[in-house]
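The next block holds one structure in the form of structure tokens; read it before the comments.
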Amino acid sequence: MGKIILTGERPTGRLHLGHFIGSLKNRLLIQDNDDIEKFFVMIADTQALTDNADNVDKVKNNIIQVALDNLSIGLNPNKVKIFIQSQVPQLSEITCYFMNLVTVSRLYRNPTTKDEIHQRGFENRVPAGFLTYPVSQAADILGFNTDLVPVGDDQLPMIELAREIARTFNNTYGNVFKEPKALVPKQDVCARLPGIDGKLKMSKSAGNCIYLSDEPEVIKQKVMSAYTDPDHIKVSDPGKIEGNVVFSYLDAFVKEDSFKKYLNEYENLDELKAHYQRGGLGDVKVKLFLNNVLQELLEPFRNRRKEYEKDLDEIYRMLFKNGELARQEVSKNLERMKSAMGLDYEKFLIK
Ligand code: ATP
Ligand code: MG
């Protein structure tokens, strides 16, 4: 039996470079692997509502954007099935049963939820749905009997909880679930790409993103305004690499031939970094190089997106069709789960 992959995003905005390098790129790299049996990408509208209950339009309107972004990078829709979470109500049923296997204090200890509660100013008024969304995410993952979840490192506590719930369920009712694994990029900078402001991770909610669909002039303007080293005032000053977003992005996105194409006076990134640290290399030059690297990456995505945008009806039809596939898949696992729990009441009818 091949591997089952599940991953996804919340439809709270268009996807950005953080999504690409944290999760989408790994999707591209594995989509053609022979050992993959099923590959689902979930647009997590139900989860997005847990902190956007009063902004349904935002969530609804971004479903198509997230679908387009996934297709724009070159995911093959014949292999990768993109669907909408709320079209698989079986996931909510699984969530209900899982809710009894986790304590409230365990949910409060989740470091990602803790950060997010703080960022959203929810301290005294956490919506119950928001606190418990990691349980519903565990239901998404286990509901598909998932082996591998390509994600950024902010999601590791969620995968850990899914593993714990799988273990608790198996110990309580019998062996039903596998313990899923996270597929996180090896380089730290890719597992949690910083935003252009240099403060937090790049995140739709923080408004510090370069979007995959940004036009060339917007990309350039964002790159030129990115946070570098505030003490690097004159070109001759020595500069810092640590916390310097422009170098973080170069670490994440520079390709083998980038220097030959756009900045051939340097052999590689180490040489460029050494010059910056010594002094004598200005921010503008490094930023223009980064701009070239990012323009090369994003141009084909933008062009592919424009092709897909010509027939949105077709994309919605694909999402709904995949919803049916996803329902079938999750229903199978829900049946297995309910029968392990002894909730298969149809047995009573046999007599
Ligand atoms: P929101 O602010 O609404 O939570 P987000 O930008 O954090 O949005 P999500 O939809 O929550 O995006 O994240 C989807 C996936 O993208 C997750 O696997 C997450 O780990 C990954 N991801 C998001 N931002 C980054 C980032 N800056 N670096 C690496 N991976 C990221
Ligand atoms: Mg997030």
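The values are calculated or read from the model by the stated rules, or taken from the named source; none is laboratory data. Just so it is clear, the model here is predicted, and its values are computed rather than measured. Every residue, glycine as well, gets a Cβ built from its backbone with ideal geometry; the counts of neighbours run over all protein chains shown.
Which one is nearest to Leu24 (Cα to Cα) among residues in the stretch 243-267 that are assigned to a loop (DSSP other than H, G, I, E, B) and touching a helix residue (DSSP H, G or I) at 6+ places or on another chain (Cβ under 6 Å)?
Out of the qualifying residues, it is Val254.
Against the conditions (1) buried (at least 20 other Cβ atoms within 10 Å of the Cβ); (2) more than 16 Å from ligand 2 (Cβ to nearest atom), where does Ser86 fall short? Just the number, please.
(1)
If you check Asn62 against the conditions, is it touching a residue at least 40 places away in the same chain (Cβ under 8 Å) and over 24 Å from Glu215 (Cβ atoms)?
no
For Gly152, state whether it is at pLDDT below 95 and at positive phi.
Taking the combined requirement at face value, the residue does not satisfy it.
Assuming Glu9 fulfils every condition listed in (1) within 25 Å of Arg120 (Cα to Cα); (2) more than 10 Å from ligand 1 (Cβ to nearest atom) apart from one, which condition is it?
(2)
For the stretch 223-242, name all the residues that are assigned to a helix (DSSP H, G or I) and either touching a strand residue (DSSP E or B) at 6+ places or on another chain (Cβ under 8 Å) or buried (at least 18 other Cβ atoms within 10 Å of the Cβ) (or both).
Answer for the stretch 223-242, where residues must be assigned to a helix (DSSP H, G or I) and either touching a strand residue (DSSP E or B) at 6+ places or on another chain (Cβ under 8 Å) or buried (at least 18 other Cβ atoms within 10 Å of the Cβ) (or both): just Val223.
List every residue pair whose Cβ atoms sit under 7 Å apart, with the two residues 6 or more apart in sequence or on different chains, where the first one lies in the stretch 202-226 and is of a type in the set (Phe, Trp, Tyr) and the second, anywhere, is away from ligand 2 (no atom under 13 Å from the Cβ) and part of a loop (DSSP other than H, G, I, E, B).
Taking only residues 6 or more apart or on different chains, the pairs are Tyr211/Arg14.
Pairs only if they're at least six apart or on different chains, beta carbon under 7 angstrom, first in the stretch 72-83 and within 19 Å of Asp214 (Cα to Cα) and outside any loop (DSSP other than H, G, I, E, B), second at pLDDT below 95 and not hydrophobic (A, V, I, L, M, F, W, C); list them, first residue then second.
Every condition considered, no pair remains.
Among Ile64, Ile30, which is the only one that is over 22 Å from Leu200 (Cα atoms), surrounded by fewer than 24 Cβ atoms within 10 Å (Cβ to Cβ) and out of contact with any helix residue (DSSP H, G or I) (no Cβ under 7 Å at 6 or more places or on another chain)?
Checking each option against the conditions leaves just Ile30.
Restricting to the stretch 34-58, what's the tally of residues that are in a loop (DSSP other than H, G, I, E, B) and either among the hydrophobic types (A, V, I, L, M, F, W, C) or modelled with pLDDT of 95 or more (or both)?
Residues in the stretch 34-58 being in a loop (DSSP other than H, G, I, E, B) and either among the hydrophobic types (A, V, I, L, M, F, W, C) or modelled with pLDDT of 95 or more (or both): 6 in total.
Look through the stretch 1-23, keep the residues that are part of a loop (DSSP other than H, G, I, E, B) and hydrophobic (A, V, I, L, M, F, W, C), and return whichever of them is nearest to ligand 2 (Cβ to nearest atom).
Leu15
Would you point out the residue of the stretch 103-161, among those that are among the small types (Gly, Ala, Ser), outside any loop (DSSP other than H, G, I, E, B) and surrounded by fewer than 21 Cβ atoms within 10 Å (Cβ to Cβ), that is farthest from ligand 2 (Cβ to nearest atom)?
Only one residue fits best here, namely Ser105.
Are there any pairs with C-beta distances below 6 angstrom linking a residue in the stretch 306-328 that is under 18 Å from Gly74 (Cβ atoms) to a residue that is assigned to a helix (DSSP H, G or I) and not small (Gly, Ala, Ser), with the two at least 6 apart or on different chains, and if so which?
Final answer for the pair search is Tyr308/Leu68; Tyr308/Leu71.
Which ones in the stretch 203-219 are in contact with a Lys or Arg (Cβ under 9 Å, 6 or more places away or on another chain) and closer than 16 Å to Glu299 by Cβ?
Residues satisfying the conditions are Ile210, Tyr211, Leu212, Ser213, Asp214, Glu215, Pro216.
Quick check on Glu9: is it surrounded by fewer than 20 Cβ atoms within 10 Å (Cβ to Cβ), in contact (Cβ under 8 Å) with a residue 24 or more places away in the chain, among the acidic types (Asp, Glu) and in the same structural domain as Ile84 (by TED's automatic domain parsing)?
So Glu9 fails the test.
In contact (Cβ under 8 Å) with a residue 24 or more places away in the chain, surrounded by 17 or more Cβ atoms within 10 Å (Cβ to Cβ) and in the same structural domain as Val184 (by TED's automatic domain parsing): which single residue out of Leu250, Leu290, Leu334 fits that description?
The match here is Leu334.
Please find, among Ile241, Ile233, the residue that is farther than 30 Å from Gly121 by Cα, at pLDDT below 95 and away from ligand 1 (no atom under 16 Å from the Cβ).
Ile233
Can you pull out the residues in the stretch 198-211 that are away from ligand 2 (no atom under 16 Å from the Cβ) and at pLDDT 95 or above?
Within the stretch 198-211, just Ile210 meets the criteria.
Of the numbered conditions (1) in contact (Cβ under 8 Å) with a residue 12 or more places away in the chain; (2) of a type in the set (D, E, K, R); (3) within 27 Å of Leu6 (Cα to Cα); (4) away from ligand 2 (no atom under 16 Å from the Cβ), Arg192 fails exactly one; give the number of that condition.
The number of the failed condition is (4).
Output the residues belonging to the stretch 90-102 that are surrounded by fewer than 17 Cβ atoms within 10 Å (Cβ to Cβ) and part of a loop (DSSP other than H, G, I, E, B).
Asn100 - this is the single residue of the stretch 90-102 that is surrounded by fewer than 17 Cβ atoms within 10 Å (Cβ to Cβ) and part of a loop (DSSP other than H, G, I, E, B).
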